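Let me begin by presenting the structure, written as structure tokens, before commenting on it.
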Amino acid sequence: MATTTARLGLLLVLAETSLLPGCQDPPPPSLVIVTLDTLRADHLAVYGFGVETGPAFTALAERSLLYERAYAPLSITLPSHVSLFTATHPLSHRVLSNLVGTRDHDPLGASVTTLAEVVRGEGFQTAAFVSAVPLARHTGLAAGFDVYDETESAARAAEETVTRAVAWLDDDVDPDRPWLLWVHLFDAHWPYEPASDWPAGLWPEADLARWRQERDMEAALSPPGLPPVPVGQAQRAYAREIRLQDEAMDRLLDRVAALPGGDRRALVVAGDHGEGLGQHGVPFHGSAWAEQLRIPLVLQVPGQPPGRRSELIAVHDVLPTLATLAPWLPLAGLAPQARLSEETRKLGVLGLDAPYGRNVAAEPRLVLRNERWTLVVSPRSSPELYAAEDITERHDLAAQEPAVVAELTRAAWARAAQLREGDEALHPPGSHPAHPLPRWILTPSQGP
């Protein structure tokens with residue numbers, strides 16, 4: 001009898017102990033990714049803009065890792081998103097414009113694995129809510145998502161997309177299973193809604209005019225087929241769209257924060273590319289200037305103290321970086337070429353002008369950015385060199401630094417060659433990638 005009583009007592013102790021916080025199973029992991037289309041980093045206060053266009057982003061940055069030098073490889077929506085979700089450069093995954101895919105053809109192919117495919121294989125619930133047609137299901141990005149909620153029109157407002165995403169969180173997520181949520185917001189993309197309904201003093205024109213003058217921006221934007229729009233008017237409308245998008249994101253993040261399991265939840269908020277707004281003569285995007293490739297980027301990971309990070313990071317480095325910061329996320333199944341060696345990283349971040357589609361550049365350029373310099377090379381013109389701190393890229397130093405130009409030119413083409421090797425691994429003979437590589441990338445000395 002005493003033995004039986006002792007055994008019962010031991011079982012009660014074990015049962016009670018299992019309920020203690022330190023003895024419970026950890027909550028299932030979750031990952032939230034928010035992508036902000038066409039958002040210039042320098043139009044947010046945390047990146048130096050004089051007007052608070054994104055208070056929710058600012059608040060998030062204060063409790064997260066904020067990357068000051070994050071860049072997209074191409075200033076086009078679909079290629080940049082494919083790079084984010086496959087951890088590969090466009091020269092490897094070969095999606096080089098928005099104009100890819102049909103409902104009968106997957107432009108990514110069987111060899112290119114997406115984040116959603118990887119985590120769904122690990123038991124994650126997966127859902128995506130996208131706001132614009134460049135990310136439609138037939139582009140291949142829907143692979144691995146249980147839910148892929150896309151707009152039936154060209155684009156929809158952030159408020160509607162967030163409402164749908166919140167409904168999924170409230171009604172469909174099983175809290176006992178891990179989950180991935182991706183929400184894409186498109187409000188900052190042209191056409192911008194007029195900002196006349198906002199208080200006139202919210203965007204002081206004198207301050208904005210001085211800011212534009214420092215960047216040598218054109219007086220008006222010239223949308224194809226439309227009359228010119230004064231750049232001040234366009235910039236105020238653009239800022240308004242950023243604010244509305246920010247408010248919708250704030251509502252989403254508030255709902256996410258209220259869910260259990262926050263100590264095992266990672267958050268990524270990233271731009272896909274920026275916007276020209278008349279700088280360097282470009283009204284919108286498609287070229288490799290810094291204002292079009294530099295993006296806002298925040299990573300929030302439990303246990304990681306907040307702070308600013310000054311190292312260079314590319315869109316396709318985001319998930320490998322997250323895998324290091326949050327090892328409890330099952331990200332090891334991403335493409336092998338995502339795990340860059342330190343030597344490769346030192347070569348810098350490679351960007352290029354859009355080679356295909358409506359935004360194709362008149363003169364193709366390859367851009368290499370490292371910790372000290374930005375090099376611009378083109379088969380049709382002389383190279384340009386800018387100091388890294390010259391974020392407006394207006395002061396060409398190529399004539400003063402010929403040795404630097406020669407060294408970085410070799411590095412740029414070496415990096416392009418590495419990425420072409422990645423392309424060969426992902427697209428074996430007989431496969432059908434979305435785009436052929438531009439001839440000037442394959443044989444730069446011959447020109448396009």
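The values are calculated or read from the model by the stated rules, or taken from the named source; none is laboratory data. Computed from a prediction, not measured in an experiment: that's the story for all the values here. Every residue, glycine among them, receives a Cβ derived from its backbone with ideal geometry; neighbour counts consider all protein chains shown.
For the reader, a short list of remarks on this structure follows.
- Residue that is modelled with the lowest pLDDT [pool: residues in the range 296-332 that are closer than 21 Å to THR86 by Cβ and loosely packed, with under 15 Cβ neighbours inside 10 Å]: ALA332
Here's the yes/no breakdown for (1) over 30 Å from GLN213 (Cα atoms); (2) of a type in the set (Asp, Glu); (3) in contact with a Phe, Trp or Tyr (Cβ under 8 Å, 6 or more places away or on another chain); (4) part of a helix (DSSP H, G or I):
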residue: ASP250; (1), (2), (3), (4): yes, yes, no, yes
residue: ALA266; (1), (2), (3), (4): yes, no, no, no
residue: ALA270; (1), (2), (3), (4): no, no, no, no
residue: HIS285; (1), (2), (3), (4): no, no, no, no
residue: LEU299; (1), (2), (3), (4): yes, no, yes, no
residue: SER310; (1), (2), (3), (4): no, no, no, no
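Conditions tested, residue by residue: (1) at pLDDT below 95; (2) out of contact with any Phe, Trp or Tyr (no Cβ under 8 Å at 6 or more places or on another chain); (3) within 30 Å of ASP263 (Cβ to Cβ).
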residue	(1), (2), (3)
ASN98	yes, yes, no
GLU122	yes, yes, yes
GLN125	no, no, yes
PHE129	no, no, yes
THR139	yes, yes, no
SER153	yes, yes, no
ALA158	yes, no, yes
ALA165	no, no, yes
LEU181	no, no, yes
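- In the range 46-72, the residues that are farther than 19 Å from ILE391 by Cβ form Cβ pairs under 8 Å with partners that are part of a strand (DSSP E or B) and among the small types (Gly, Ala, Ser), at six or more places apart or across chains, as follows: LEU65/GLY307.
- Restricting GLY232, GLY274 to residues that are within 30 Å of LEU350 (Cβ to Cβ), touching a helix residue (DSSP H, G or I) at 6+ places or on another chain (Cβ under 9 Å) and crowded, with 16+ Cβ neighbours inside 10 Å narrows the list to GLY274.
- Residue in the range 150-167 that is closer than 10 Å to ALA127 by Cα and free of Cβ contacts under 8 Å to residues at least 60 places away in the same chain present: no
Yes or no, residue by residue, for (1) more than 27 Å from HIS395 (Cβ to Cβ); (2) under 23 Å from the mean Cα position of the chain (by Cα); (3) in the same structural domain as GLU117 (by TED's automatic domain parsing):
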position: VAL173; (1), (2), (3): yes, no, yes
position: LEU208; (1), (2), (3): no, no, yes
position: ASP250; (1), (2), (3): yes, yes, yes
position: LEU277; (1), (2), (3): no, yes, yes
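- The number of residues in the range 238-263 being over 19 Å from ALA61 (Cα atoms) and either of a type in the set (D, E, K, R) or buried (at least 23 other Cβ atoms within 10 Å of the Cβ) (or both) comes to 3.
- Matching helices (runs of 4 or more DSSP H) fully within the range 342-448 where at least 1 residues are within 28 Å of GLU68 (Cα to Cα) and modelled with pLDDT of 60 or more: 342-347, 402-426
- Restricting attention to the range 57-71, the residues that are buried (at least 24 other Cβ atoms within 10 Å of the Cβ) and in contact with a Gly (Cβ under 7 Å, 6 or more places away or on another chain) add up to 1.
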